[in-house]
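First comes the structure, then the notes that go with it.
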Amino acid sequence: MNELTMIEAINQALNNQMRANDQLFILGEDVGANGGVFRATDGLQNEFGMQRVFDTPLAESAIVGMAIGMASQGLTPVAEIQFMGFIYPAIDQILNHAARLRNRTRGRLSCPLVIRAPFGGGIHAPEHHSESTESIFAHIPGLRVVIPSSPARAYGLLVAAIQDPDPVIFLEPKRIYRDGKQAIEDDGSALPLDSCFLLREGIDISLISWGAMIKETLEAATLLAKKGIDVEVIDVATIKPLDINSIIDSVKKTGRCIIAHEAAKTCGLGAEISALLAEKSITALLAPIQRVTGYDTVMPMFKNEQHYMPSSQRIIQAAIHAMEYR
Amino acid sequence: MNELTMIEAINQALNNQMRANDQLFILGEDVGANGGVFRATDGLQNEFGMQRVFDTPLAESAIVGMAIGMASQGLTPVAEIQFMGFIYPAIDQILNHAARLRNRTRGRLSCPLVIRAPFGGGIHAPEHHSESTESIFAHIPGLRVVIPSSPARAYGLLVAAIQDPDPVIFLEPKRIYRDGKQAIEDDGSALPLDSCFLLREGIDISLISWGAMIKETLEAATLLAKKGIDVEVIDVATIKPLDINSIIDSVKKTGRCIIAHEAAKTCGLGAEISALLAEKSITALLAPIQRVTGYDTVMPMFKNEQHYMPSSQRIIQAAIHAMEYR
Amino acid sequence: MTSKDSNIGLRQYLDSGGQLVQPLPSHINHRTQLIALYQTLVITRLFDEAAVNLQRTGQLGTYAQSRGQEAIGCAIGKAMLADDVFIPYYRDIATQIQRGVLLEEILLYWGGDERGSCFSQQKHDFPLCVPIATQFCHAIGVAFALKQRKKNNVAVVTGGDGATSKGDFYEALNIAGAMSLPCLFVINNNQWAISVPVQQQTAAKTIAHKAYAAGVAACQIDGNDPIAMLIGVKQALKQIRHDGKPFFIEAVSYRICNHTTADDATRYMQQKALQEAEQKEPLIRYKKFLRQYQDWNDEDDSELYQACQLTVDQAIEHYKNTKPQADGDFFDYMYQDLPADLAQQKQQFLDDLNRHE
Amino acid sequence: MTSKDSNIGLRQYLDSGGQLVQPLPSHINHRTQLIALYQTLVITRLFDEAAVNLQRTGQLGTYAQSRGQEAIGCAIGKAMLADDVFIPYYRDIATQIQRGVLLEEILLYWGGDERGSCFSQQKHDFPLCVPIATQFCHAIGVAFALKQRKKNNVAVVTGGDGATSKGDFYEALNIAGAMSLPCLFVINNNQWAISVPVQQQTAAKTIAHKAYAAGVAACQIDGNDPIAMLIGVKQALKQIRHDGKPFFIEAVSYRICNHTTADDATRYMQQKALQEAEQKEPLIRYKKFLRQYQDWNDEDDSELYQACQLTVDQAIEHYKNTKPQADGDFFDYMYQDLPADLAQQKQQFLDDLNRHE
Ligand SMILES: Cc1ncc(C[n+]2csc(CCOP(=O)(O)OP(=O)(O)O)c2C)c(N)n1
Ligand SMILES: Cc1ncc(C[n+]2csc(CCOP(=O)(O)OP(=O)(O)O)c2C)c(N)n1
Ligand SMILES: [Mg+2]
Ligand SMILES: [Mg+2]
């Protein structure tokens, strides 16, 4: 058992799966000698060689397209997109091919690949390095979208993503890459890809979030507890397909729900969760669902990024609002 | 006043605006001699010359990127993407640049362009020719997304889109391109880009839809009327920014709401509308909001596309369910 | 650029009158072999015509003809090994037929049925690709996998002249060169991308010149010359198996048909250019060649045509008798295992279907 | 390919010791002009060093240095006309300075403030572009607009060697060729894309060879030779103004610094290669040239450095004294007019801000 940060846990999971599966290949920009700009692949090229861990030319569409070709012939490619802001040239390959190859060929070919990308704000990075557009991928039928929120979940979910027989978009909240350590057993055990994680039990209100925002959500829960409000916190983690049942169960218990995410509000994943709750458990609701999200603006450059990103204060305020609702 | 189909109305609007604005340029694949694969640009190259209406090489990212460059220097480009299924290579240019140029330069440069694309299913087309992914664009801050549902609205909204100072994604429901005619005054008058259209007034239930689905929605309304259910029908039309207030007003009146769209359910625009209603008018709801949508599958190839696309039957059933809800 | 790069010039064995312009190499001068090549052309042509008829009578969806361009795909199909992998674009039914995709499967595909891409006889090839140029990226991934397998197989990928304007084409070609991947790129330069002539697509001297941007060896072949095509593809594959590097072929042809059955080429194609092109099409040319050099006579010819027609007709029967997919099948292949939310949607779909039927 | 294509070879006036390898053309041999060119190099270098220091002391965000590559941008900036349009990538502050972007604006940009791209003196140029190669597409659109304007202006776009692997680069270059657009492409081949050496990016013989794929004329210039760069860019612009066709320059340089302040090049760059490259960098070379051919002495040199340092220091003062943006400004430039839903979000934002402060 080692104490690892999230980025170290990701590295560990990759290493573990490289050892377990000699058909696993890592490709992307700067994943080789440089070990990735965040060091997710640090040491892997050294250990597994230039054939299995290789730097590609700078071409995101081809990185994903190539991974599709590899996957179709039985390899297990894990592609890194350096930042989520640079994944868009590859959306065509993701949406029109990776997500469809199994269905298009009625199962004759399939596409077991993982696309890893750091995402989200809060590290004072340049433009395009801070956005969260997970809901675009959640809208695409045929994908899995997974977002870890702790080192242990990063390890277990990445192992699961690699072992999954279908394409997985694995989004890594870079703001918490180095935000504290957790003891991790490097035993290659996978976490389920179809269940939310219940991080804190409570009976008054459900706070739903994922990724780096789990930090503010748990902070809010602690502070609300001091005010006598007993908060339940759910980490959605497996964004798509979505485990709505766990969320419904929670809301049926608490009757109140706040969804927090960094992404822009309109058509964010919060909308889907809220809509499903409104459809399936409207009678359980004691107060309107509220979404605490990024605004429908471009993520500001870093001087103002803290103004954009939802704070624990905003979550607390929404929760109090819900508690006071009559 | 001419009686025009939707595709003719689009052609008319383009023609009108080409005459009104000599800085307007039309670019895309096969928009010249061929007049577009659906004939949206028929005759325009003949009338306005090869400089102003030109075929580009086959490169969607460059088509949009080029339009951005043109727009930044004061031209008004109207780019055609042949089918929405081929817009994805250009998402990078749309999301990372078109939607951001004004904000990035604090208004020094701007991006007054229109991207037209036929979309949606129902014409027995090959794979990739039938999808509806408007919510991906609705999620992107800085865009306008507009979808007409009749010849007259196509004319007026396209004129508005061309005159708008910001980037507009103009999605054309090809299933109804030739589905009936309307008398249209070719006077270049624009419809507002910030209001839903109330297509039918009623007091029992609000049916919310847009694009080709307006057809099934109106059909459903007629049939429901026969059962004594008085239906209100709203055509959202300006998908982003969204005029939620008109929808809320309607739902406050009726207390019941069905949202119908062809796009896949998860993170579709229906989710956003439903979430906003749940947030802002939950007390007005006499029954849960229901979404009647495409499934979270790939749009099947055409043998089964009718199984995928929401029918008026499904809308009626949802409406009856809502009426019977206690 | 050194002169070594500059060997681009149209390779030909048969002129448009079917005359040999250079002697046949010994490995390709057996009568049975030469007639077998003819058979591939004929069956493709007859299938193509049948498909257009089916479309016209509402029994098939939009269909992309390969009329006049059959020699390219037939040569590819003949030259490849079974364990090579083919990554086609939508106009590649000629090759598909040679690769063992059943004619009825091809019809199913164009008839709007996914099962047409679930090739029963052909397990590794890609299905037809619709989004232009995306297939080139898959091909380099396949080539990478084949390289790992160390069996000297090649990924063969095709595309149109229009496709060579698109980012994915260049990205893939560049990576193939940079990573030395066993990948053969064949471009069907049929002079048109729907209504846009190739002169408007690019100022490159030839499409083959584009390969130099990626440091990939290239040549230009008369794509309407079945023999030059077959020899050219065979040579390219041999070279790739030998040196492990990619190769690029521009096959120069002409689209003497509509882009698809949904297109009307009279809107943009000059009648004269079309008529000229018709003179150079591969079937007439090849028949003249067989007649002159292999004693091929009209009787032989009509026998061959009849046999091929029979095959096509049988496939059409098969196609027409194929049972529809089970209701809701389209849910079942989204993931290996149906996730809970989709299972629920499927159930709902089936319930609705029952209720409304 | 004809021999006319094959004129690619490194163009040089100054060798790395600052010796002229060919006589200067008459339009570029005036002392003031030659010193003015030096000044552009020096101010860029001093600004660059200051920016790195600001970053190290937490007063600036991640910053992309141009150390050792200043000659490319300075030459571009000097050669362009005011009404030409510059479409830069993130490593182009040398050109920006010459284009009239204020030093404090450049600092604002790298300090995470959008106002740094609202150039007060420069109305048409694009802001720095971060998503690799996307800028090439903007450039052809700008070039199209300039062509419409009929004033013989040119769109000048830059990018790195890594950028030439990306689809947008090829698509734009191909269209520039096909449509004859007045666009100058300049590639800073600094041999690295972060940690990936150019040899791994492509098997093309040179980056300049890529232009042939698009039928665009190209040349390769020693990017660390300020004079060759200035003459090369001037010639290219003149030719474009004359024939209206695009042109392509590969400027060969070396990144003798980290990729950005967030990078650690020691992880992947050999010390030896770096040291060799340091020998060829433009400022030392150009100073030697001035000393030998223009009587430039240490006193002249330190005077120039002092003057430039003063300018930089003043800009830093300005930068530090810039008032923050008004709260919620980031809502106001999403659309020309704030839509109702955003207005509501802005109000909510301001209310929350008040409540929590
Ligand atoms: C990315 C993309 N854009 C547009 C289309 C629509 N489209 C289908 S075929 C075609 C022309 C292709 O021409 P070419 O590559 O020369 O192939 P050909 O059809 O001539 O064989 C176009 C524009 C598409 N399928 N994919
Ligand atoms: C589309 C995209 N992918 C990845 C990145 C991350 N990234 C920033 S700079 C860079 C390397 C660029 O190298 P090159 O084009 O040679 O320019 P240089 O930085 O060397 O001047 C990468 C991969 C990006 N900005 N955009
Ligand atoms: Mg073609
Ligand atoms: Mg570089």
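Laboratory data are not the source of any read-out in this text; all were calculated from the coordinates shown. Note that the structure is a prediction, hence the values are computed from the model and not measured. Positions of Cβ are generated from backbone atoms using ideal geometry, with glycine treated the same way; all protein chains shown enter the neighbour counts.
Observations, loosely collected:
- Placing a label point 7 Å from the Cα of D:ARG149 along the Cα-to-Cβ direction, the residues of segment B:71-112 whose backbone N falls under 14 Å of that point are B:71-76, B:109-110.
- Computed over chain B, the per-residue total of -39500 (n - 2.57) for DSSP H runs of n ≥ 4 gives a 222 nm mean residue ellipticity of -10000 deg cm²/dmol, rounded to 500.
- Here, P(r) means the percent of Cα pairs in each 20 Å bin from 0 to the largest distance; for chain A it is 33, 57, 10, 0.
- Inter-copy separations for A:GLY228, label at 7 Å along Cα-Cβ, nm, ascending: 5.1
- Computed lengthening from D:GLN59 to D:ASP295, 0.36 nm per intervening residue step minus Cα-Cα distance: 81.0 nm
- Crossing angle, helix B:269-280 versus chain B [Cα axis fit, 0-90 degrees, rounded to tens]: 50
- GNM top mover of A:MET66, A:MET309, A:MET299 - chain A, alpha-carbon springs below 10 Å: A:MET66
- Of all beta-carbon atoms in chain C, the one sitting closest to the axis that brings chain C onto chain D gives C:GLY167, 1, with the distance in whole angstrom.
- Fraction of antiparallel bridges per DSSP, the protein assembly as shown only, in percent to nearest 5: 15
- Based on the reciprocal of the average 1/r between different C-alpha atoms, the Kirkwood radius for segment A:2-184 equals 16.1 Å.
- Debye log10 I(q)/I(0) for segment C:95-237, one point scatterer per Cα, at q = 0.15 Å⁻¹: -0.85
- Inter-copy label distances for A:ARG39: 6.5 nm (label point placed 7 Å from Cα along Cα→Cβ; shortest first).
- Cβ-derived FRET efficiency at R0 30 Å, B:ASN46 paired with C:ASP83, nearest 0.05: 0.05
- If you wrap the Cα atoms of the protein assembly as shown in a convex hull and average its projected area over all directions, you get 49.2 nm².
- Entry note, chain C: the mean residue ellipticity at 222 nm calculated from DSSP H runs of n ≥ 4, each adding -39500 (n - 2.57), is -15000 deg cm²/dmol after division by the residues and rounding to the nearest 500.
- Acute angle (nearest 10 degrees) that the helix B:151-163 long axis makes with the longest principal axis of chain B, alpha-carbon atoms: 50
- Rel. contact order, % - alpha carbon contacts under 8 angstrom, at least six apart, chain D: 23
- Shielding by other protein chains, A:229-241, mean Cβ within 10 Å: 1
- Local electrostatic count at C:ASN153 - Lys and Arg +1, Asp and Glu -1, tallied over other residues with Cβ under 10 Å: +3
- With the convex hull constructed from alpha-carbon coordinates only, segment D:1-105 shows a mean projected area of 9.7 nm² over all directions.
- Long pairs among C:LYS78/C:LYS245; C:LYS245/C:LYS280; C:LYS210/C:LYS238; C:LYS123/C:LYS147, criterion Cα-Cα beyond 29 Å: C:LYS245/C:LYS280
- Note on segment D:95-140: the alpha carbon radius of gyration divided by the globular reference 2.2 N^0.38 Å gives 1.15.
- Rounded to the nearest 5, the antiparallel percentage of DSSP beta bridges internal to segment C:10-324 is 10%.
- Relative contact order, percent, chain A [alpha-carbon distance under 8 Å, six or more residues apart]: 17
- For segment D:46-98: span of alpha carbons on each principal axis (Å, largest first): 37, 18, 14
- For B:258-269, mean number of other protein chain Cβ atoms within 10 Å: 5
- Put a dot 7 Å past the Cα of A:ILE320, heading toward its Cβ, do the same for D:LEU24, and the two dots end up 7.2 nm apart.
- Pairs of alpha carbons in chain C whose separation is greater than 25 Å (percent): 55
- For chain C, a Gaussian network of Cα nodes joined below 10 Å ranks C:VAL196, C:VAL85, C:VAL142 by mean-square fluctuation, and the top entry is C:VAL196.
- Among A:PRO151, A:PRO173, A:PRO141, the largest mean-square fluctuation in a Gaussian network model of chain A, built with springs joining Cα atoms closer than 10 Å, belongs to A:PRO141.
- Separation of segment A:113-137 and segment D:220-240, taken as the distance between their Cα centroids, equals 39 angstrom.
- Nearest 10 degrees, 0 to 90: helix B:213-226 Cα axis against chain B principal axis: 30
- For segment A:278-311 versus segment C:259-296, the gap between their alpha-carbon centres in whole angstrom: 62
- Summarising the strand pairing of chain B, around 20 percent of its internal DSSP beta bridges are antiparallel.
- Relative contact order [Cα under 8 Å, 6+ residues apart], segment A:197-323, whole percent: 29
- Starting from the label point of C:ALA265 at 7 Å along Cα→Cβ, the same points in the other copies fall at 5.5 nm, in ascending order.
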